[in-house]
Amino acid sequence: MIKQELLSEVLYAALSRGGDFAEIFCEHTRSNVLSFVDGKIDKINDNVLSGVGIRVFLGERTVYASTSDISREGLLSCAYSVADALSEGKAPISICLTRKKVIDMHPVKINPVSADISQKSDILKSACFAAKEYHPLISQVTGSLAAVKHDILVANSEGLLCEDSHTRTRIAVGAVASENGENQSGSASPGRGMGLEMFDLISPVETGRRAAEQAMVNLRASYCEAGQMTVAIENGFGGVIFHEACGHSLEATQVGVGMSEMCGKLGQKIANEKITAIDDGTIAGAWGSTNIDDEGNPTQRNVLIENGVLKGYMVDRLGSRRMGMAMTGNSRRQSYAYEPTSRMTNTFIDNGPDKNEDIIASIEYGLYAKQMGGGSVNPLTGAFNFAVTEGYMVRNGKICEAVRGASLIGTGSKILQDIDMVGQNLATGQGMCGSSSGSIPTDVGQPLIRVKKITVGGR
């Protein structure tokens, strides 16, 4: 992207006022999205994002600036503006960059960004028409097929120089079911860190049908009663609860400044012994995987909780300085316009010892949350609130009538203790996670789990 000699010159300029570490992040991202509305492809958006972010450290202090001007003059101007913000010390003697080979763990067969529009259009139409044809009461279907090719270069004053490329593909279908003036919705949105070969694994037709099925279930559902009860949360996107209520509390972004309920608890039992939780950015083709993080460190498999005991945090460079801990390959950002922070990749509760049928059979009265939606959490207290987008009552060990309007309310530390059964059908769901370094793709996941008691919001 940028010649090595110029990278060294820019790093030298960034350190000219005495910082102890400097870093350049270069990005070129091309993306396109096909949208389906009212029975036809509605529009095609094609975007290119290109620019550079420059960061300087002095101890635990950082200064960051970005620019879309990647000329020599533009880069040096950005570097000197960062250096001037420090206004301390002298320039380094020299900077010698050494190119590091990055092993590609996520090879792409069919580039989704440059693939033929008609091929992508056929895929999206097959999903949306499958949703529309699912039932006569499906009144509206929308859909999208998104593709991203993300190329980065990272260089720093320790001599690191590396480049990487990552590709993502995602299809999303939304369906509305209508009857007697009432409307209820359903959705499905699988994605992978792959090209169009993703559709060898994921059926567009089944994706559309799943969205329409959920809409029809919710149209026929009654409202959920509120109260404390036992809840079984299904696999896949059910893992959003761990991601939000617990995962963010294990990021150095929060832990390093003492703003997490998990501060100072390494080696302590914080969860039921059946829980082992992992963040793994190396899973081939997964939505949240990359070869390297946005500071140039290789991604890795990080065991966060093992048999209920807190084993580690997710740590970026700044968090490493604050906490005195090694970096874990979790530094991420939406684009060059954002300073990176510690973030999750593919985060999940691992398979446990319990049979799935035994989990449902164990519930005398409670809620089966088949599909979870979005929610909110306070990382300092762990307090959360999540919507259940598809739920069913459980009576005497049997899944019964569908209910809607349910939400799960609690705290991360409490739910970790109250998960008392963990099943064996681990699966993941795809989402976009927002934080101080922007919106990034993350996988969440778990097998079917049982929470012995949690507050269920409803009517």
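None of the figures in this text is laboratory data; all of them are computed from the coordinates on show. From a predicted model like this one, the values you see are computed outputs, not experimental measurements. For neighbour counting, all protein chains shown are included, and Cβ atoms are generated from backbone atoms with ideal geometry for every residue, glycine included.
The table below lists the values:
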quantity	calculated
Rounded to 10°, Cα long-axis angle of helix 204-220 versus longest principal axis of the chain	50 degrees
Cross-link reach list, lysines versus Lys370, counting only Cα pairs under 26 Å and skipping chain neighbours closer than eight places	Lys132, Lys274, Lys355, Lys398, Lys414, Lys452, Lys453
Expected-Rg normalisation [2.2 N^0.38 Å, Cα atoms] applied to the range 193-248	1.59
Amide H contacts under 5 Å for Ala286, placed H, 5+ residues apart	Gly193
Diffusion coefficient, µm² s⁻¹, Stokes-Einstein with Kirkwood Rh over alpha-carbon pairs of the range 357-459 at 10 °C and 1.306 mPa s	107 µm²/s
Percentage relative contact order, the chain, counting C-alpha pairs under 8 Å, at least six apart	16 percent
Using θ = phi - 60° and Karplus 6.51 cos²θ - 1.76 cosθ + 1.60, couplings along the range 121-138 (whole Hz; Gly, Pro as x)	4, 5, 5, 5, 4, 4, 5, 6, 5, 5, 5, 5, 7, 5, 7, x, 7, 6
Partners for Lys120 among lysines (Cα-Cα distance below 16 Å; same-chain residues under 8 apart left out)	Lys40, Lys43, Lys109, Lys149
Rg(Cα)/(2.2 N^0.38 Å) for the range 6-121, N = residue count	1.50
Karplus (6.51, -1.76, 1.60) ³J(HN,Hα), θ = phi - 60°, over the range 293-299, in Hz, Gly and Pro reported as x	7, 7, 10, x, 7, x, 5
Sum of -39500 (n - 2.57) over DSSP H runs of 4+, divided by residues of the chain (222 nm, nearest 500)	-5500 deg cm²/dmol
Lys/Arg +1, Asp/Glu -1 at C-beta; the range 227-457 dipole; positive extreme among Gln446, Ser289, Ser249	Ser249
Rounded to whole Å, sorted largest first: equivalent-ellipsoid semi-axes of the range 227-457, Cα gyration tensor	30, 17, 16
Cα point-scatterer Debye curve for the range 154-256, base-10 log of I(q)/I(0) at q = 0.13, 0.21, 0.24 Å⁻¹	-0.81, -1.18, -1.21
q = 0.11, 0.18, 0.19 Å⁻¹, the range 306-417: log10 I(q)/I(0) [Debye, one scatterer per Cα]	-0.56, -1.13, -1.19
Residue order, fewest to most beta carbons within 10 Å, for Val52, Val309	Val309, Val52
Distance cut-off 27 Å, percentage of C-alpha pairs in the chain lying past it	58 percent
